[in-house]
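This report concerns only the one structure given below.
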Amino acid sequence: MSLTFHWFLPTNGDSRHVVGGGHGTPATASGRDRPPTVGYLSQIARAAEDLGFVGALTPTGAWCEDAWLTTAMVSRHTERLKFLVAFRPGFVSPTLAAQMAATFQRQSGGRLLLNVVTGGESQEQRAYGDFLDKDARYRRTGEFLRIVRELWQGKAVDLDGAHLRVEDARLVRLPDPVPEVYFGGSSPLAGEVAARHADVYLTWGEPPAQVAGKLDWIRGLAAAEGRTLRFGIRLHVITRDTSAQAWAEADRLLAGFDPETVRSVQAGLARSESEGQRRMLALHGGDREALEIHPNLWAGIGLVRGGAGTALVGSHEEVADRIEEYHALGIDEFVLSGYPHLEEAYWFGEGVLPRLAVRGLWRHPWDRPARTSPQVPSAS
């Protein structure tokens, strides 16, 4: 089985420095270094497509551009790349969302994937008119996905739920193919929703032992529902010809973290209701020291960014080793990013993917030969 790799569209802006934001915190000023124009995002998307990434995740929230509109525009500048569109069920009716997804599939040639984000921050949710608490939001997400999936099957749907109600809902035209649903979350209710409705369960980049425990938890819940899920992981990457070069880049990024910004972001993230965010914060505790929490796994990104806060850092061989380590746990899909996203896509695509191809773990999805790179020392 070939591993699947997705890249990231930085609709909050891009930079040679880390662009912070997310989980109730605003994007940092560095996000204005490269504004998220359709032209620039299309450059990233075309590079990812050429290099062999299957899709590109587009985030959701007040800190970034709208994912549906942005990807619809960028899709016109690509041919095969899929778009993993993050969206929040509480902001749109399930029937309309099912219709939007069907339209996207027809107009893009079947290139939509959906990342369902329940929303971990009540303050941000209330700004959009959503006043449910966290547990209620997850229960609503379950009702939402039940309606959407039945509509995609061509059924007429009647549901009088605790949070959603539809009568004789149906789609005139069905999506082809039906978009796959990606879903993440570390709370008990998140696990229940994933087990019942997700195709791919996503976890943030925790050390392998913690990831293994989370995957076993979801496998058990899915088995109780008579289902089997695939698994993916969300990570940043800093990969270079040598280990020393990669860690020098990590040190450069860390040196650009203003102490006051770190304190402000950490204070904001500490108020997060997200269990996943709590687990991310626990990896570093706001401390700039000892950020390598597992070989080649660096928690520095999480000092200034909400959500995914860890990066694989090392030589191309070392990063390939860590990917193989996560794959051994059951991870088949990797959603990656790096600063800046255009250049880092090439570092990974030209440095790591060919090495994974040699190991028999990856093949170019468009049947193109993997780009070859000169052999270099794995660490120095």
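The values are calculated or read from the model by the stated rules, or taken from the named source; none is laboratory data. Bear in mind that the values here come from a model prediction, so they are computed numbers and not experimental data. Neighbour counts are summed over all protein chains in view; Cβ atoms, including those assigned to glycine, are modelled from backbone coordinates with ideal geometry. In case anyone asks, the SASA skips ligands and DNA or RNA and just uses the protein heavy atoms, side chains included. Shrake-Rupley method; radii C 1.70, N 1.55, O 1.52, S 1.80 Å.
Within region 223-242, residues that are over 19 Å from Glu292 (Cα atoms) reach partners that are open to solvent by 60 Å² or more (accessible area, probe 1.4 Å) and modelled with pLDDT of 95 or more with beta carbons closer than 7 Å, at six or more positions or on different chains, in the pairs Glu225/Arg196. I'd like to check something: does region 213-229 contain any residue that is touching a Ser or Thr at 6+ places or on another chain (Cβ under 8 Å) and not in a helix (DSSP H, G or I)? Looking for residues that are touching a Ser or Thr at 6+ places or on another chain (Cβ under 8 Å) and not in a helix (DSSP H, G or I), one finds none in region 213-229, hence no. When region 23-49 is filtered for residues that are of a type in the set (Gly, Ala, Ser), in contact with a strand residue (DSSP E or B) (Cβ under 6 Å, 6 or more places away or on another chain) and outside any helix (DSSP H, G or I), only Ala27 remains.
Step by step: first the residues of region 260-271, then only those that are touching a helix residue (DSSP H, G or I) at 6+ places or on another chain (Cβ under 9 Å) and among the aliphatic types (A, V, I, L, M), then the one that is most open to solvent (accessible area, probe 1.4 Å). Which residue is that? Per the criteria, the residue is Ala270.
Residue pairs whose Cβ atoms lie under 6 Å apart, separated by 6 or more positions or on different chains, with the first residue in region 329-340 and assigned to a loop (DSSP other than H, G, I, E, B) and the second of a type in the set (Val, Ile, Thr), are Ile331/Ile233; Gly338/Val237; Tyr339/Val18.
May I ask you to verify whether Arg173 is touching a helix residue (DSSP H, G or I) at 6+ places or on another chain (Cβ under 7 Å) and open to solvent by 70 Å² or more (accessible area, probe 1.4 Å)? Explain how you work it out, then say what you get.
Working: touching a helix residue (DSSP H, G or I) at 6+ places or on another chain (Cβ under 7 Å): yes; open to solvent by 70 Å² or more (accessible area, probe 1.4 Å): yes.
Yes: the conditions hold for Arg173.
Pairs please, first residue from region 137-153 and in contact (Cβ under 8 Å) with a residue 24 or more places away in the chain, second anywhere and assigned to a helix (DSSP H, G or I) and not aliphatic (A, V, I, L, M), Cβ atoms under 6 Å, 6+ apart in sequence or on different chains. Filtered contacts from region 137-153: Thr141/Pro89; Phe144/Pro89; Phe144/Pro94; Leu145/His197; Ile147/Pro94; Val148/Pro94. When Ala67, Ala47, Ala27 are checked against the criterion of being closer than 23 Å to Met100 by Cα and either of a type in the set (Gly, Ala, Ser) or modelled with pLDDT under 95 (or both), a single residue qualifies: Ala67.
Evaluate region 54-62: report whether one residue or more is touching a Lys or Arg at 6+ places or on another chain (Cβ under 7 Å) and hydroxyl-bearing (Ser, Thr, Tyr).
Step one: of region 54-62, the residues touching a Lys or Arg at 6+ places or on another chain (Cβ under 7 Å) are 54-55, 60.
Subset that is hydroxyl-bearing (Ser, Thr, Tyr): 60.
Yes, region 54-62 contains at least one residue that is touching a Lys or Arg at 6+ places or on another chain (Cβ under 7 Å) and hydroxyl-bearing (Ser, Thr, Tyr).
Each row is one residue, and each column tells you yes or no for (1) β-branched (Val, Ile, Thr); (2) crowded, with 22+ Cβ neighbours inside 10 Å; (3) touching a residue at least 12 places away in the same chain (Cβ under 8 Å).
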| position | (1), (2), (3) |
| --- | --- |
| Val178 | yes, no, yes |
| Tyr182 | no, yes, yes |
| Phe257 | no, no, yes |
| Glu273 | no, no, yes |
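Condition check for Gly213 on (1) open to solvent by less than 50 Å² (accessible area, probe 1.4 Å); (2) closer than 26 Å to Leu9 by Cα; (3) out of contact with any Gly (no Cβ under 8 Å at 6 or more places or on another chain): one failure, at (2).
Check every one of the helices (runs of 4 or more DSSP H) wholly within region 56-129 and list those with 2 or more residues that are in contact (Cβ under 8 Å) with a residue 12 or more places away in the chain and crowded, with 22+ Cβ neighbours inside 10 Å. Break it down stepwise before answering.
Numbers: elements: 67-74, 94-108, 122-127.
Result: 67-74, 94-108.
Could you list, in sequence order, the residues of region 282-310 that are open to solvent by less than 10 Å² (accessible area, probe 1.4 Å) and either under 16 Å from the mean Cα position of the chain (by Cα) or charged (D, E, K, R) (or both)? Within region 282-310, Ile301, Gly302, Gly306, Gly307, Ala308, Gly309, Thr310 meet the criteria.
Considering region 130-161, and only residues there that are out of contact with any helix residue (DSSP H, G or I) (no Cβ under 6 Å at 6 or more places or on another chain) and among the small types (Gly, Ala, Ser), the residue that is surrounded by the most Cβ atoms within 10 Å (Cβ to Cβ) turns out to be Ala136. I'd like to know if region 108-123 contains one or more residues that are within 29 Å of Ile331 (Cβ to Cβ), in contact with a helix residue (DSSP H, G or I) (Cβ under 6 Å, 6 or more places away or on another chain), among the hydrophobic types (A, V, I, L, M, F, W, C) and at pLDDT 95 or above. There is at least one residue in region 108-123 that is within 29 Å of Ile331 (Cβ to Cβ), in contact with a helix residue (DSSP H, G or I) (Cβ under 6 Å, 6 or more places away or on another chain), among the hydrophobic types (A, V, I, L, M, F, W, C) and at pLDDT 95 or above.
Among the conditions (1) touching a His at 6+ places or on another chain (Cβ under 8 Å); (2) of a type in the set (S, T, N, Q); (3) in a helix (DSSP H, G or I), Thr261 misses just one, which is (1).
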